[in-house]
Amino acid sequence: MSRTVTEHREAVLDQITPTPAVTFALEDAAGLVLAGDVTAHEALPRFDGSAMDGYAVQSADVAGASAAAPVRLRVVADLAAGTDAAPVIGAGTAARIMTGAPVPPGADAVVPVEDTDGGTEQVEVRAPASVGRHVRRVAEDVAAGDVVLRAGQELTPYRIAAVAAVGRPEVLVHRRPVVVVISTGSELVTPGVATRRGQIPDSNSYLLAAAARAAGAQVHRLGAVPDDAHALAEALESAGTVDLIVTSGGVSVGAYDVVKEVLAPMDGMFFVSVAMQPGKPQGYGRLADGTPVISLPGNPVSAFVSFEAFVRPAILALRGLTGTDLLRPTLLARVGAGWSSPTGREQHMPVTLVTDPDGTVVARPAAARGSGSHLVASLAAADGIAVVPADVTEVRPGEMVTAFRIIA
């Protein structure tokens, strides 16, 4: 009996544990996933600072200021960002201050330069400023001891900035997973090599290697291995110490399905039927040394949608991500051109997703000739996958379908 796509994804993820935690320099950590919380050792901001270019004043001095009745104050200091000067601001005085500079003692507000005449020895203030106006208070952003980022969060550029802002030069992260990609088939030759009758260029290993890199892995592409059990066993052994092996081809019930021939007898390896189209035959498990393996069908579109459904989530889990972060966000799209779907199997249709002027996303099959699992050229046009439930056999124009983008 076939299992559902969700059931198979959960079974694959059960084989996955995140890569070990290592300490990385912050400048090298972009795209990695935190293995521990990041806390603030100090408050942020560390001092009361100016949020505007202007003048630090005592609010009582300028309470009645207006364009018709300006208040004149003596300028006693000029404070740039980064200064450690701390002149005391008394009644009737002000300090010219730049954004980010510490607010001096005695001042309790900042008047924007636009509300003054910009004087350097004496300033004319033409608007009031209440207590705290344009002042960034100590710990307004983060208090000492606050958790800034949680374990399991990916270090985006903005999160890198947050770590730097709290003074952390290093972070504890999961190292980037190492993934080996192997395609199988005696018909496969390296692109650029002349083909004879019955041969085709190997596209799967390039597809899967590029997709794995895009998912955040360090990838070793071993290329195509012929339909020979000894050759495949040697290729698997040559992979060395890695975090995941991904194979394509040889997982069905054919006479030359070498991946199944080599791996199926191993304890801990499983070959199953998944109720999806394309991509029905799937394999997964662990080698004797504990290395996880995911074995995909060899037809290019099958390999493509299977990668999205099973391999990409596994790579993200290796990186330390969890839960909904393992899956691409879904959207509802209006069907622009209909297609059929096999009964009893969840269809993963490569589609184009175009946003209409009214904001509606419209999905159309990427392949004009249908959803055949061999139509590799159609993948170049696809920027999304539409997911059709197993009980739907006809997807009609104008209906809504769940989809997700595969291109950011």
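The values are calculated or read from the model by the stated rules, or taken from the named source; none is laboratory data. Treat the numbers as computed from the prediction; the structure is a model and nothing was measured. Don't worry about glycine lacking a Cβ; one is built from the backbone with ideal geometry, like all the others, and counts go over all protein chains shown.
Kindly indicate whether any position in segment 170-186 is more than 29 Å from residue 306 (Cβ to Cβ), of a type in the set (Lys, Arg) and assigned to a loop (DSSP other than H, G, I, E, B). For segment 170-186, residues more than 29 Å from residue 306 (Cβ to Cβ), of a type in the set (Lys, Arg) and assigned to a loop (DSSP other than H, G, I, E, B): absent. Scan segment 215-230 for residues that are assigned to a loop (DSSP other than H, G, I, E, B) and crowded, with 17+ Cβ neighbours inside 10 Å and the total you get is 4.
Residue-wise test of (1) modelled with pLDDT of 95 or more; (2) more than 35 Å from the chain's Cα centre (by Cα); (3) part of a loop (DSSP other than H, G, I, E, B).
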position	(1), (2), (3)
10	yes, no, no
18	yes, no, yes
36	yes, no, yes
41	no, no, yes
52	yes, no, yes
69	yes, yes, yes
72	yes, yes, no
78	yes, yes, no
89	yes, yes, yes
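Within segment 91-106, the set of residues being under 17 Å from residue 46 (Cα atoms) and not in a strand (DSSP E or B) comprises 98, 99, 100, 101, 103, 104, 105. Given the criterion touching a helix residue (DSSP H, G or I) at 6+ places or on another chain (Cβ under 6 Å), in the same structural domain as residue 91 (by TED's automatic domain parsing) and buried (at least 18 other Cβ atoms within 10 Å of the Cβ), identify the matching residue among 108, 115. None of the others qualify; the one that does is 108. Listed by position, the strands (runs of 3 or more DSSP E) inside segment 249-336 whose residues that are within 19 Å of residue 2 (Cα to Cα) and free of Cβ contacts under 8 Å to residues at least 40 places away in the same chain number at least 1 are 269-273, 281-286. Quick one: how many residues across segment 391-408 are closer than 12 Å to residue 353 by Cα and surrounded by 12 or more Cβ atoms within 10 Å (Cβ to Cβ)? Total meeting the criteria: 6.
Considering segment 127-150, the residues that are assigned to a loop (DSSP other than H, G, I, E, B) and surrounded by 18 or more Cβ atoms within 10 Å (Cβ to Cβ) include one that is farthest from the chain's Cα centre (by Cα), namely 128. Residues in segment 351-371 that are out of contact with any Lys or Arg (no Cβ under 9 Å at 6 or more places or on another chain) and either farther than 18 Å from residue 394 by Cβ or surrounded by fewer than 18 Cβ atoms within 10 Å (Cβ to Cβ) (or both): 355, 357, 358, 359, 366, 368, 369, 370.
Only one entry in 23, 19, 6 is more than 30 Å from residue 344 (Cβ to Cβ) and loosely packed, with under 13 Cβ neighbours inside 10 Å, namely 23. Taken over segment 26-51, the residue count meeting the criterion of being surrounded by fewer than 18 Cβ atoms within 10 Å (Cβ to Cβ), more than 29 Å from residue 293 (Cα to Cα) and in contact with a helix residue (DSSP H, G or I) (Cβ under 9 Å, 6 or more places away or on another chain) is 2. Given the structure, is residue 65 in a loop (DSSP other than H, G, I, E, B) and closer than 14 Å to residue 124 by Cβ? So residue 65 fits the description; yes.
Apart from one condition, residue 208 fits all of (1) surrounded by 21 or more Cβ atoms within 10 Å (Cβ to Cβ); (2) more than 24 Å from residue 323 (Cα to Cα); the exception is (2). Of all residues in segment 5-25, those being more than 16 Å from residue 327 (Cα to Cα) and β-branched (Val, Ile, Thr) number 4. Scanning segment 315-339 for residues that are out of contact with any strand residue (DSSP E or B) (no Cβ under 6 Å at 6 or more places or on another chain) and among the hydroxyl-bearing types (Ser, Thr, Tyr) yields a count of 2. In segment 28-48, the residue that is nearest to residue 143 (Cα to Cα) out of those that are in contact (Cβ under 8 Å) with a residue 24 or more places away in the chain and among the charged types (D, E, K, R) is 42.
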